[in-house]
1. Can you go through SER258, SER329 and tell me which one is under 17 Å from LEU225 (Cβ atoms) and touching a Ser or Thr at 6+ places or on another chain (Cβ under 9 Å)?
2. Kindly indicate which of ARG110, ARG88 is assigned to a helix (DSSP H, G or I), in contact with a strand residue (DSSP E or B) (Cβ under 9 Å, 6 or more places away or on another chain) and not hydrophobic (A, V, I, L, M, F, W, C).
3. Inside the range 1-76, counting only helices (runs of 4 or more DSSP H) that do not spill past its ends, which hold 1 or more residues that are under 17 Å from ALA99 (Cβ atoms) and of a type in the set (Gly, Ala, Ser)?
4. If only one of LEU175, LEU140 is closer than 21 Å to LEU374 by Cβ and within 23 Å of the chain's Cα centre (by Cα), which one is it?
5. Restricting to the range 207-258, name every residue that is free of Cβ contacts under 8 Å to residues at least 60 places away in the same chain and among the hydroxyl-bearing types (Ser, Thr, Tyr).
6. Please enumerate the residues belonging to the range 266-298 that are under 14 Å from LEU209 (Cβ atoms) and assigned to a loop (DSSP other than H, G, I, E, B).
7. Please specify each residue of the range 135-148 satisfying the condition of being without any contact (Cβ under 8 Å) to a residue 40 or more places away in the chain and among the hydrophobic types (A, V, I, L, M, F, W, C).
8. Collect the residues in the range 299-345 that are closer than 18 Å to VAL210 by Cβ and β-branched (Val, Ile, Thr), keeping them in residue-number order.
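The values are calculated or read from the model by the stated rules, or taken from the named source; none is laboratory data. Quick caveat: nothing in here was measured; it's all calculated off a predicted structure. A quick note on method: Cβ atoms are made from the backbone with ideal geometry, for glycine too, and the neighbour counts reach across all protein chains shown.
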Amino acid sequence: MAAPSLVVATIFPERGRTGVHTHVRELCNYLEKCGIATTFVTPFSWCRPLTYPIFAPRLLLKWFNRPASVVWYRYWHEVFLRNALRTRLAGLGDCVIYAQGPMEARAALRARRGSNQRVAMAVHFRISQADEYAEPGRELKRDGRVFRAIRRAEQEAILQVDSIVYVSRWAQKALLSWLPEAAQVPSAVIGNFVAPPCSELSDELLGDLVTTGRLDANKNHRYLLEVLAVAKRNGKIFNLDIFGEGPLRKSLLRLARSLDLEEQVRFHGYRPDVRDFLPRYRAYVHAAHAEVAPLAIIEAMAAGLPIVAGDLPPIYDLCDDGVEGRFWSLDDPAKAAATLIELLDSESARLMAASAARQRFLRDFDADIVAPRLRSFLLG
């Protein structure tokens, strides 16, 4: 009996740089090799010429009423996604709609043609999407009217889906902490994965340290610069290559100048081929305050890099302190600099951590190992 086809539903454009995009791209690449049809459906898949005039007012609303901008964004993206799914699902029989969040799940539940079109939801988010909108400096007031409305909508969708995929044990624990009823929904914890690098690992170094990710407050690149400045004062000069774009680029450039790090820190912007460069560094550094299951770390481990990251529960699912890398303080640059110096000053320790990281990847995060589990859970 042929496996049902997979329809991926997401509010993001089809091409992008987020962890969700990587998760979906790696899964679809694997399924394509298996001869299983996949379809990518977004709000932009339906009546695309209308998306720009309808979605754009959200940017203006942010200046006057930030909660209203959130409502506008979520409402219209869900409407367009639901209509796109209805169009696509009308021509399909048995299938699985793989929704990349609660909003996508609600659109899929309303668009499906019957119970033979099952809805599975991936949990990439931290606790609730309402909490993300309520972080300091963002659009919503915690426990405000819009915050509570998002929570209710999420609860409604999550408890109706046919299954849930948690991309980490931490994501599962975080969701169940506010919605314990979700434990009744069939689920599996299946971590993120990537295919190994295609090219041979090169011995030609590009630099000491590398990091990838959007240049925003959560990724905490500012802290990386502060750590380098402390190390420099201690007589240790490490260079850092940063791959990624975002709203904080200009302020980070100013900070690098003020800390006299212009010769040590290079901003490369977004590079779709960044994975090809990763093997040519000595270590991967990560300073994000909050994560769910950071694919950037998995990609670095695939490249055979030791990991230096914050002591956070989601990181525990990926690597162990003193084995695949080191956990460093995220609130004390002096302690973090000492951790970094200790690792890089001992080439034998660095190489041991690099080898352990590569082996951990091959065991736990290689697409050929993990993707079959996700395929089996989603498609049977």
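1. Of SER258, SER329, the one residue that is under 17 Å from LEU225 (Cβ atoms) and touching a Ser or Thr at 6+ places or on another chain (Cβ under 9 Å) is SER329.
2. ARG88
3. Where helices (runs of 4 or more DSSP H) fall fully within the range 1-76 and carry at least 1 residues being under 17 Å from ALA99 (Cβ atoms) and of a type in the set (Gly, Ala, Ser), they are 19-33.
4. Exactly one residue qualifies, and that residue is LEU175.
5. SER251, SER258
6. If the condition is that a residue be under 14 Å from LEU209 (Cβ atoms) and assigned to a loop (DSSP other than H, G, I, E, B), then PHE277, HIS286, ALA287 are the ones that fit.
7. PHE147
8. Listed by number, the residues that qualify are ILE307, VAL308, ILE315, THR339, ILE341.
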